[in-house]
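S.K.: Before I ask anything, let me first share the structure, which is written out below as structure tokens.
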Amino acid sequence: METNILTGLISRQAARYGERAALSAPDNEGKWHDISWNRFGADVKVAATAMAFLGIKECDNIATFSANRPENLITDYACFANRAVSVSIYATSSLDQLVYILNDAKCPLLFVGNTTQYRIAREAMSLCPSLKRIVVIKSIELDADDSSSMLWTDFMQMGRDASHEYRTTVRTRSANATPEDIATLVYTSGTTGEPKGAVLTHSNYDAAMESHLQRLTMVSENDVSMAFLPLSHIFEKGWTYFCLVKGIKIAINRDPQEIQTTIRQVRPTCMCSVPRFWEKVHTAVCQRIKSMSPLMRKIVKSALKVGRRRNIDYVRLGRKAPWWLEMRYRFFDAKVFSLLRNAIGIDNANIFPTAGAPVSPKIVEFFHSCGINIVVGYGLSETTATVTCFPQTGWEIGSVGTPIPFVELKIGEENEVLVKSPMVMRGYYNKPEATAEAFTADGWFRTGDAGYIDEKGSLFLTDRLKDLFKTSNGKYIAPQALEMRLEEDKYIDQIAVIGDRRKFVSALIVPDYNALKDFAAKENITYHSMDELVRNTRVCEMMASRIEKLQKGLASYEKVKRFTILPRPFSMENGELTNTLKVKRHAVNRIYAKEIDAMYKA
């Protein structure tokens, strides 16, 4: 009898919920359709049988190279039914990245989402000896000379037509599943080198599910979650698995660029995201407020003041607000905050887990004042996602919360955050040396993040240890903290702080191009290209003035002294960003060496 939570999860939930919606996804015309638990469970069984028919063995690594689709979850749970391992690959991965992972994991079977990924996969096949079969999820026309690929519809028909022998094989494998079986390989994004596959076992996920059930008591089967981040990201993967355990309906957003539209269509009560999503929403809201009449601006200002007093000074601390404050808040909630939540698409908001990068205290305060429960957390691929998150009450602004159940934390050398828990990975796949380096002699996992724990047990992060640098004057700089502060500005979209072994701190700035164009129009600045606009004297003076205000209170050596505004954004295609949109500092320093050197010329 299976002992893992995930192995037979979908079948158990299908028996419990039947025709209730488990998933929802858009068709090619953008119309959303529900998928019942019964249908989900049946599809997992068929896909698992098809895998067995294709010769997939226990412990085989099965890869999925696709944007978010219901089929991604079907293949995950079909893998678990076969005691096989799910390997999720970012849909935006390059040929080199795909080949590296397929060869490292020796995957015999690859699922791809669409034509773009199919083309890359076909190129990869000749470079990956282990890869025998490609299954294309979207219904496309396969190449005439392609005898190694098949469409998802044919793959599923294969499972339906397979003899009883293969269904029996799957049932036997499921029954023999153990907590020590590997569930997933989650490849890190590789900001400082080649990706590493974190080996996450079923026991890791078992502990993670139970820990979240204990901590997140405010969610229920009546919630609706939007799968916005890539399902290849441990944050979305772990959260989505948790939602399935809770019986929460999951709406699957296929294109991150369309989230502003789909969130208004679906009206989710929960959604995990990265801080950048909320930063953009905050910028848009502030712009809207500025365009209001003086009277309306005054009303909104009063509403935010009341919201902060009630939600930050009382609710956050588990205290009951005075009746007069509660009455004022209810008035503003009905007249101001509900309209804001409705405009975003979260009028039925419950919780919104947020992690993956530092979150500005200003952002946290603003949305909590508006009645939007952003739950800041911290975790890594190697820890099966969450290490800490805001508790329901008593959380500290500026922190990443307190350890979730089963997690131990301590601060090691160089203020490194160390973790010990049953959610910590077994190690890195095929990398014994990297695995040994990832743990202390007494078994604590080295996160690579610097921080401290306050007297209430809240964790505060200061920076990535590998990102910390020292100027030529011997002063340590934490670039992430500085970048987070500067990215609050509406004119700054991306920023990379520079200064390692340099005499002062500088920065490469990717502006919000639309905001910059609006500024140019307002100031009657003429230009013929973005390159010309970012070099305009008045634009540079405006940016310098705003940066100086944002750096108020910093020590002189911490401040950005010079900057260069770039005419194009950092991108994954140019190797400047990881698949999780983190800046590859070494790559940026190399690609923009000329611009950086120019900032340090006398």
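S.K.: Consider Ala544 carefully, then state whether it is more than 30 Å from Lys237 (Cβ to Cβ) and at pLDDT below 85.
M.R.: No.
S.K.: Another one. Please state which of the following conditions Lys552 fails to meet, knowing it meets all the rest: (1) under 18 Å from Leu486 (Cβ atoms); (2) open to solvent by less than 40 Å² (accessible area, probe 1.4 Å); (3) free of Cβ contacts under 8 Å to residues at least 60 places away in the same chain.
M.R.: Going through the list (1) under 18 Å from Leu486 (Cβ atoms); (2) open to solvent by less than 40 Å² (accessible area, probe 1.4 Å); (3) free of Cβ contacts under 8 Å to residues at least 60 places away in the same chain, Lys552 breaks only (2).
S.K.: Just checking, how many residues over region 217-264 are outside any helix (DSSP H, G or I) and either within 20 Å of Asp347 (Cα to Cα) or touching a Cys at 6+ places or on another chain (Cβ under 7 Å) (or both)?
M.R.: Looking only at that region, the number is 18.
S.K.: Right, here's the next one. Tell me yes or no: at least one residue of region 162-173 is assigned to a loop (DSSP other than H, G, I, E, B) and in contact (Cβ under 8 Å) with a residue 24 or more places away in the chain.
M.R.: The answer is yes; a qualifying residue exists.
S.K.: Quick check, is Gly499 without any contact (Cβ under 8 Å) to a residue 60 or more places away in the chain and either aliphatic (A, V, I, L, M) or in contact with a helix residue (DSSP H, G or I) (Cβ under 6 Å, 6 or more places away or on another chain) (or both)?
M.R.: No.
S.K.: A follow-up question, please. Based on what the data block shows, is Lys305 among the charged types (D, E, K, R), under 30 Å from Leu380 (Cα atoms) and either open to solvent by 10 Å² or more (accessible area, probe 1.4 Å) or part of a loop (DSSP other than H, G, I, E, B) (or both)?
M.R.: Against the criterion (among the charged types (D, E, K, R), under 30 Å from Leu380 (Cα atoms) and either open to solvent by 10 Å² or more (accessible area, probe 1.4 Å) or part of a loop (DSSP other than H, G, I, E, B) (or both)), Lys305 does not qualify.
S.K.: So which of Val400, Val417 ends up being aliphatic (A, V, I, L, M) and closer than 18 Å to Ala198 by Cβ?
M.R.: Every option except Val417 fails the conditions.
S.K.: So if I check each of Arg316, Arg310, which one is open to solvent by 40 Å² or more (accessible area, probe 1.4 Å) and of a type outside the set (Ser, Thr, Tyr)?
M.R.: Among Arg316, Arg310, only Arg310 is open to solvent by 40 Å² or more (accessible area, probe 1.4 Å) and of a type outside the set (Ser, Thr, Tyr).
S.K.: Applying the selection to region 130-142, what residues are out of contact with any helix residue (DSSP H, G or I) (no Cβ under 6 Å at 6 or more places or on another chain) and surrounded by 12 or more Cβ atoms within 10 Å (Cβ to Cβ)?
M.R.: Selection gives Ser130, Lys132, Arg133, Lys138, Leu142.
S.K.: Identify, please: which residue in region 195-226 is among the acidic types (Asp, Glu) and over 30 Å from Glu437 (Cα atoms) and is, among those, least open to solvent (accessible area, probe 1.4 Å)?
M.R.: Asp223
S.K.: Further question on the same structure: Are there any strands (runs of 3 or more DSSP E) wholly within region 1-99 with 3 or more residues that are out of contact with any helix residue (DSSP H, G or I) (no Cβ under 7 Å at 6 or more places or on another chain) and open to solvent by 10 Å² or more (accessible area, probe 1.4 Å), and if so which?
M.R.: Counting at least 3 such residues, we get 32-36.
S.K.: On the given criteria, is Val112 buried (at least 20 other Cβ atoms within 10 Å of the Cβ) and within 25 Å of Gly427 (Cβ to Cβ)?
M.R.: Criteria not met by Val112.
S.K.: Condition check: buried (at least 16 other Cβ atoms within 10 Å of the Cβ), in a loop (DSSP other than H, G, I, E, B) and polar (S, T, N, Q). Does Thr526 satisfy that?
M.R.: No; evaluated as a whole, the condition is false for this residue.
S.K.: Right, here's the next one. Look at region 380-399 and say how many of its residues are in contact with a Gly (Cβ under 7 Å, 6 or more places away or on another chain) and either open to solvent by 20 Å² or more (accessible area, probe 1.4 Å) or among the hydroxyl-bearing types (Ser, Thr, Tyr) (or both).
M.R.: 6
S.K.: While we're here: Need pairs with beta-carbon distance below 6 Å; first residue under 17 Å from Ile289 (Cβ atoms) and at pLDDT 90 or above and within region 352-372, second open to solvent by 20 Å² or more (accessible area, probe 1.4 Å) and part of a loop (DSSP other than H, G, I, E, B); sequence gap 6+ or separate chains.
M.R.: Ile372/Ala349
S.K.: Mind telling me which of the residues Ala515, Ala481 ends up being at pLDDT below 90, of a type in the set (A, V, I, L, M, F, W, C) and part of a helix (DSSP H, G or I)?
M.R.: The conditions single out Ala481.
The values are calculated or read from the model by the stated rules, or taken from the named source; none is laboratory data. Note that this is a predicted model, so its numbers are computed, not measured. Please note: Cβ atoms are built from the backbone with ideal geometry, for glycine as well, and neighbour counts cover all protein chains shown. Just the protein is used for accessible areas: all its heavy atoms, side chains included, with ligands, DNA and RNA removed. Shrake-Rupley method; radii C 1.70, N 1.55, O 1.52, S 1.80 Å.
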